[in-house]
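The values are calculated or read from the model by the stated rules, or taken from the named source; none is laboratory data. No experiment lies behind these values; they were computed from the predicted model shown. When we count neighbours, we look across all protein chains shown, and the Cβ atoms used for this are built from the backbone with ideal geometry, even at glycine.
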Amino acid sequence: MWILMIIKRLLATRQASSPPMMALADLAAPALSGDQVHTMDELVVFLQRFETLHGLKCWEITDIESRIGQPLPKVYTQFLTIMGRGGGDYMRGSSAFYEELSSLQEGGEELMAENGLPPLPDNCFVFWMHQGYQLAIFYLNDGDDPPVYYYCEGYGQKGFELISYSLTDFFVYQLADTYPERKIMIPDMPPSPIRRRD
């Protein structure tokens with residue numbers, strides 16, 4: 001995954017024997033020639049060129065909101081409506097779609113407990129996990145396009161760290177990871193101790 005790739009590259013820069021690595025600013029710089037995706041609508045248009053998207057029905061989204069006791073952010077509702085059951089190769093290998101959604105909160109709690117960390121923060125929603133050792137959340141009261149926070153086992157994190165300024169940006173990062181040959185422009189990334197190991 002793109003997150004793990006960035007972490008590995010930046011941690012490798014600490015080793016004296018490692019060759020110079022690409023600077024974080026270079027990772028977020030516009031591609032010389034590539035697709036530009038800035039909004040959920042643009043992301044959907046891009047995906048529809050390559051994938052068959054399978055969305056949820058309104059009652060399924062309402063059921064999720066009933067289980068958590070509050071509404072989901074607008075951007076996440078849009079994601080679920082358009083591709084909540086799957087998006088072909090998009091995010092394949094990660095747990096982010098309806099069939100696994102109900103187990104993500106529990107999986108997140110287990111990951112935090114296994115690493116001796118506090119339980120998941122109140123009012124957070126686990127919407128993405130990868131291979132049981134990476135986890136992404138947003139807060140349900142953080143607006144229509146909330147920031148995304150991330151935890152990865154094995155990097156000495158003491159809790160969640162900001163990984164993207166918005167849920168839309170997170171989905172664009174995933175798009176760039178799924179289609180590296182398209183040279184999709186990556187949105188600005190927040191400064192993070194995960195990527196800045198001094």
Residue tally, condition out of contact with any Gly (no Cβ under 8 Å at 6 or more places or on another chain) and either within 20 Å of residue 78 (Cβ to Cβ) or crowded, with 20+ Cβ neighbours inside 10 Å (or both), over region 114-133: 4
Matching residues, region 69-95, being touching a helix residue (DSSP H, G or I) at 6+ places or on another chain (Cβ under 8 Å) and either of a type in the set (A, V, I, L, M, F, W, C) or closer than 16 Å to residue 136 by Cα (or both): 72, 73, 75, 76, 79, 80, 82, 83, 91, 92, 94, 95
Region 57-74, residues that are assigned to a helix (DSSP H, G or I), under 12 Å from residue 125 (Cβ atoms) and touching a residue at least 40 places away in the same chain (Cβ under 8 Å): 68
Any chance residue 139 is surrounded by fewer than 19 Cβ atoms within 10 Å (Cβ to Cβ) and closer than 25 Å to residue 37 by Cβ: yes
Qualifying residue in region 94-113 (condition: in a loop (DSSP other than H, G, I, E, B) and either basic (Lys, Arg) or surrounded by fewer than 20 Cβ atoms within 10 Å (Cβ to Cβ) (or both)): no
Residue within region 140-158 that is out of contact with any strand residue (DSSP E or B) (no Cβ under 9 Å at 6 or more places or on another chain), without any contact (Cβ under 8 Å) to a residue 12 or more places away in the chain and part of a loop (DSSP other than H, G, I, E, B) present: yes
Which numbered condition residue 66 misses (of (1) out of contact with any helix residue (DSSP H, G or I) (no Cβ under 7 Å at 6 or more places or on another chain); (2) of a type in the set (Ser, Thr, Tyr); (3) modelled with pLDDT under 95): (3)
Breaking point among (1) touching a residue at least 24 places away in the same chain (Cβ under 8 Å); (2) within 19 Å of the chain's Cα centre (by Cα); (3) under 17 Å from residue 171 (Cα atoms), for residue 97: (1)
Residue check, residue 56 modelled with pLDDT under 85, in contact with a helix residue (DSSP H, G or I) (Cβ under 8 Å, 6 or more places away or on another chain), of a type in the set (A, V, I, L, M) and surrounded by 11 or more Cβ atoms within 10 Å (Cβ to Cβ): no
Tabulated pairs, region 44-56, first without any contact (Cβ under 8 Å) to a residue 40 or more places away in the chain and on the phi > 0 side of the Ramachandran plot, second among the hydrophobic types (A, V, I, L, M, F, W, C) and assigned to a loop (DSSP other than H, G, I, E, B), C-beta under 8 angstrom, 6+ apart or interchain: none
Failed criterion for residue 85 (all others in (1) within 16 Å of the chain's Cα centre (by Cα); (2) modelled with pLDDT of 95 or more; (3) among the basic types (Lys, Arg) hold): (1)
